[in-house]
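The values are calculated or read from the model by the stated rules, or taken from the named source; none is laboratory data. Here the structure is a predicted model, which is why all the values come from computation and not from measurement. Heads up, the Cβs are rebuilt from the backbone with ideal geometry, glycines too, and the neighbour counts pull from every protein chain shown. Accessible surface is based on the protein model in full, side chains and every heavy atom, while ligands, DNA and RNA are left aside. Shrake-Rupley method; radii C 1.70, N 1.55, O 1.52, S 1.80 Å.
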Amino acid sequence: MRAVILAGGQGTRLRPLTDSRPKPLVPFMGEPFALGLLRRLADIGVTRADFLVGDDAAPFAPLHAAGERAGVEVAVRTEESPLDTAGAVRRLFAEGAGEQPVLVCNGDILTDLDYAGLVRAHGDSGADATLALTRVADTSSFGVVVCRADGRVERFVEKPPPGTLDADTVNAGTYVLAPDVFDAFPGDGPLSFEREVFPGLLEAGRTLLGVTSDAYWQDLGTPRRYLDGHRAVLDGRCDWPGDPLLERRGGEVAVHRDAKVDPSAKLGPGTVILAHCTIGAGARLTDSVLLEGALVGDRAMVRGSILCEVASVEPAAALDAMVLPQGASFG
């Protein structure tokens, strides 16, 4: 089975974590997020994964070896200028998508969606495109996908105010596509799944299936959502693989076995500490992620924050809801 991962975003809202790497390569639960995604795809029988990135493939080079270890052939494909959400996928299909449906994932969405179940539903229905859907309480920030009782998509409604529409299901950013799905969209420039491909298929009488799931779903595109994603994995709301050297501790905490944590330090829920970090005596941390080599001094307090690589919090300082860039010092 073949999968395509959309990984061309700039990650501007997640800076400074993305200052030195693309968003799919930001560490998540101790390893690049894309590596966890590769592992999940390998588990359902994906044997080839195409990462569609921006204009620089070099940062993604380590994924080739990681894919080989997982039994997945990894290809990294660049685009000289932005092609929107579907343009690069159309280009890939034009070069030969094969005869089987293709799974398309977003490279910055944390989800434990049942990918295999989505693919089965696509095959059983004979749909041209199948969209994973999730329910939201406030539809005003999303495009709502209205489906019939049998799951067939009837229409799309863009950002309806709360309470104005019975449907509350929105596009969750994972699709299964038939190999000929782009035949009605000739060209080689920018193309949008949301604005052009899916509405165009529906207008042309093609069959779209919506599969609603209660799986965890979170865009990791901001520091707060990045922290929330870690918390969801730690408290069991999201099943996600992580670095096997991260040791789970009571109270929704994970600490790399190569980190040094003083026995008197207090680690609260949502805390993740990566390799070569040092936590001083009497320090208090909660709802925070420390990337490799970060330092928290004696009696310091860190809450709702992210420390990038080798960033440090001075003794007795209090860091609250901040992101420290790589090598920065606070206090």
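Assorted remarks:
- Electrostatic bookkeeping for residue 236 treats Lys and Arg as +1 and Asp and Glu as -1; over the other residues with beta carbon under 13 Å from its beta carbon, the sum is -1.
- Heavy atoms of residue 225 accessible to a 1.4 Å probe, total area in Å² rounded to 10: 90 Å²
- Selection among 163, 70, 92 by position relative to the dipole of segment 44-178 gives 163 as farthest towards the positive end (Cβ unit charges, Cα centre).
- Tilt relative to the chain, helix 223-234 - C-alpha long axis, 0 to 90 degrees, to 10: 90 degrees
- Carbon and sulfur %, accessible surface of the chain computed with the full protein complex present, 1.4 Å: 48 percent
- With contacts taken as Cα pairs under 8 Å at a separation of at least 6 residues, segment 102-196 carries a relative contact order of 36 percent.
- Ranking 29, 322, 301 from most to least accessible surface, computed with a 1.4 Å probe over the protein chains only, gives 322, 301, 29.
- Loop-located GluC sites (Glu not before Pro) in segment 66-136 (DSSP state not H, G, I, E or B) with no more than 16 neighbouring Cβ atoms inside 10 Å: 79, 80, 95, 99.
- Per-selection Kirkwood Rh - the chain (Cα, Å, 1 d.p.): 21.0 Å
- Taking the centroid of alpha carbons for each part, segment 81-128 and segment 1-48 are 16 Å apart.
- Degrees between helix 84-94 axis and first principal axis of the chain (Cα, 0 to 90, nearest 10): 60 degrees
- Segment 185-201 and segment 233-312 have Cα centres lying 43 Å from one another.
- Kirkwood-Stokes translational diffusion coefficient of segment 126-271, alpha-carbon pairs, 25 °C, 0.890 mPa s, µm²/s: 135 µm²/s
- Taking every protein chain into account, the accessible area of the chain amounts to 43 square angstrom per residue (probe 1.4 Å).
- Mean ellipticity per residue at 222 nm, deg cm²/dmol - from DSSP H runs of n ≥ 4 across the chain, formula -39500 (n - 2.57): -5500 deg cm²/dmol
- Against the chain, whose longest principal axis comes from its Cα atoms, helix 33-43 is set at around 50 degrees.
- Prolate/oblate/rounded label for segment 289-331 (Cα gyration tensor, a/c 1.5): oblate
- Residues whose amide H falls under 5 Å from that of residue 133, counting only those 5 or more places apart or on a different chain, are 172, 211, 212, 213, with hydrogens built in the peptide plane.
- If you run the Gaussian network model on the chain, springs between alpha carbon atoms under 10 Å, then out of 22, 101, 199 the most flexible one is 199.
- Under 5 Å, built H, 5+ apart or other chain: amide partners of residue 271: 254, 287, 288
- For segment 190-239, a/c is not less than 1.5, where a ≥ b ≥ c are the root eigenvalues of the C-alpha gyration tensor, and a/b does not top b/c. That puts it in the oblate class.
- For segment 42-108, the fraction of C-alpha pairs more than 14 angstrom apart is 62%.
- Computed from phi, the 3J(HN,Hα) profile of segment 159-171 under the Karplus parametrisation 6.51, -1.76, 1.60 (θ = phi - 60°) reads 6, x, x, x, x, 9, 9, 5, 6, 10, 9, 10, 4 Hz, with x in place of Gly and Pro.
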